[in-house]
Amino acid sequence: MNQNIPLAEKLRPKTLNDVLGQEHLTGEKGTIRKMLQNNSLNSLIFWGPPGTGKTTLAEIISEQSGRKFYKLSAVSSGVKDVRDVIEDAKKQNLFSGKSPILFIDEIHRFNKSQQDSLLHAVEKGWIVLIGATTENPSFEVVSALLSRSQVYVLKALSYEKLEELIDIALERFNQDEGTNFKVTEKEAMIQYSGGDARKLINSVELVLNQYIGSSKSDITNDDVLEVLQETMALYDKNGEQHYDIISAFIKSMRGSDPNGAVYWLARMLAGGEDIKFIARRMLILASEDIGLANPNALVMANNCFQAVNVIGNPEARIILSETAVYLAVSPKSNSTYMAINEALALVKKTGNLPVPLHLRNAPTKLMKDLDYGKEYKYAHSYEGNFVDQDFLPDEIRDVKLYEPGNNATEKKIYEELKKKWNDRY
């Protein structure tokens, strides 16, 4: 065997039984296994984190279905490459009667025109497309192509599966190299891999190679860190982690947990997230979730956004942390957020109700003759700068859209307002 072959390639599964952690697809009742058993192969998109077996599954499907396998990377391929493969695939189809598989790695990196170039071939059955992506296909794959493909989600490997994979890699390494290493502590390798099976196997190989010929046989976390010299947080600022972690960040602040807010903020900062994106999301939260319970929150969030634009990293982390904690500990009210949603729903339901005459603008004589603005009462001309008049169309005159939040300040303001309106609302 060629010893230059990387360990990860040597261990690449050859059958569905060898695939780790995707039993919902590869198990006895798994959809991919049933698909192969029934010989009913359609275009697929595999969506999952790096190193979960997307390429491996595509190769296994090709092998077990007896179809020619074409592989392109969206990073280095263009429309011409796709068309060349399709032309060759059409010829293969004539000879074998089976549509070849075109596997496109990182299909989310294809732009719209590149993805559109696949549509006709998929529709005609000239190829079976298998795309692999770490991104949410709903955001990154054009709807026409998405509708013609079945999306299968690959799960991140569990901690137990990653431990099992280390044992498999260790056994094969010792067998190939004639060594007798033991990995007595696995945490550092697993953390370094970020759940990526290929990266985990590579780290096993890299670490063990460093100790060949030494007296060491038991590999600890310290040994691993000495070789790898870094730990990496799992965060893809362009992928699903981007959406999941910002969601956890927002929900922590909404739930008044400053610890959670700072932790998820740190995860984003460590992963290289755009600080302006973080600040913008806090601006939205200040209005949506805090609102009238503490109007200063919006001022604070806006100042944060302006400041991080001026300051930049690494000092921006301090400003972001201060703002995140302030928003987390602020009293909460979503009353204005709910009010505008209710209003939009009402507008959709009732359509374009006419503006009452007394509220209309009257810039011309004709409009004045038609009584535009005639009955309007100027609030500042009345005691307390308030006058009881209607501001909604007659059809929805008594509709109530705004409800105060559950905090003392907003409730007090609302009670005073109700008295002015004689409890109409």
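Some points to look at:
- Matching residues in the range 116-130 - criterion: being part of a helix (DSSP H, G or I) and open to solvent by 10 Å² or more (accessible area, probe 1.4 Å): 116, 117, 119, 120, 122, 123, 124
- Look at the range 113-130: where a residue is over 17 Å from residue 68 (Cα atoms) and a partner is part of a helix (DSSP H, G or I) and open to solvent by 20 Å² or more (accessible area, probe 1.4 Å), sitting 6+ places away or on another chain with Cβ atoms under 8 Å, you get 113/79; 114/79; 116/144; 117/79; 117/83; 119/144.
- Helices (runs of 4 or more DSSP H) lying entirely in the range 131-186 (those with 3 or more residues that are open to solvent by 50 Å² or more (accessible area, probe 1.4 Å) and of a type outside the set (A, V, I, L, M)): 137-140, 159-177
- When the criteria are applied in full, residue 71 meets the requirement of being out of contact with any Pro (no Cβ under 6 Å at 6 or more places or on another chain), open to solvent by 40 Å² or more (accessible area, probe 1.4 Å) and closer than 24 Å to residue 9 by Cβ.
Table: residues versus (1) modelled with pLDDT of 85 or more; (2) part of a helix (DSSP H, G or I); (3) over 30 Å from residue 322 (Cα atoms).
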| position | (1), (2), (3) |
| --- | --- |
| 224 | yes, yes, yes |
| 230 | no, no, no |
| 264 | yes, yes, no |
| 289 | yes, yes, no |
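Yes/no matrix, rows are residues, columns are (1) β-branched (Val, Ile, Thr); (2) within 46 Å of the chain's Cα centre (by Cα); (3) at negative phi:
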position: 292; (1), (2), (3): no, yes, yes
position: 299; (1), (2), (3): yes, yes, yes
position: 351; (1), (2), (3): no, yes, no
position: 354; (1), (2), (3): no, yes, yes
position: 386; (1), (2), (3): no, no, yes
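- Test result for residue 285, assigned to a helix (DSSP H, G or I) and touching an Asp or Glu at 6+ places or on another chain (Cβ under 6 Å): no
- Condition check for residue 41: aliphatic (A, V, I, L, M), modelled with pLDDT under 85, farther than 27 Å from residue 162 by Cα and more than 28 Å from the chain's Cα centre (by Cα): no
- Counted residues, the range 190-202 - those being closer than 21 Å to residue 22 by Cβ and in a helix (DSSP H, G or I): 8
Residues are listed down the side, and each one gets a yes or a no for (1) among the acidic types (Asp, Glu); (2) in a helix (DSSP H, G or I); (3) open to solvent by less than 50 Å² (accessible area, probe 1.4 Å):
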{"site": "376", "(1), (2), (3)": "no, no, no"}
{"site": "384", "(1), (2), (3)": "no, yes, no"}
{"site": "392", "(1), (2), (3)": "no, no, yes"}
{"site": "395", "(1), (2), (3)": "yes, yes, no"}
{"site": "403", "(1), (2), (3)": "yes, no, no"}
{"site": "406", "(1), (2), (3)": "no, no, no"}
{"site": "409", "(1), (2), (3)": "no, yes, no"}
{"site": "414", "(1), (2), (3)": "no, yes, yes"}
{"site": "417", "(1), (2), (3)": "no, yes, no"}
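The values are calculated or read from the model by the stated rules, or taken from the named source; none is laboratory data. Owing to the predicted nature of the structure, the values given are computational and were not obtained by experimental measurement. Here the Cβ is made from the backbone with ideal geometry for all residues, glycine too, and neighbour counts use every protein chain on show. Ligands, DNA and RNA are stripped out before the accessible areas are found, and what is left, the full protein with its side chains, is counted by its heavy atoms. Shrake-Rupley method; radii C 1.70, N 1.55, O 1.52, S 1.80 Å.
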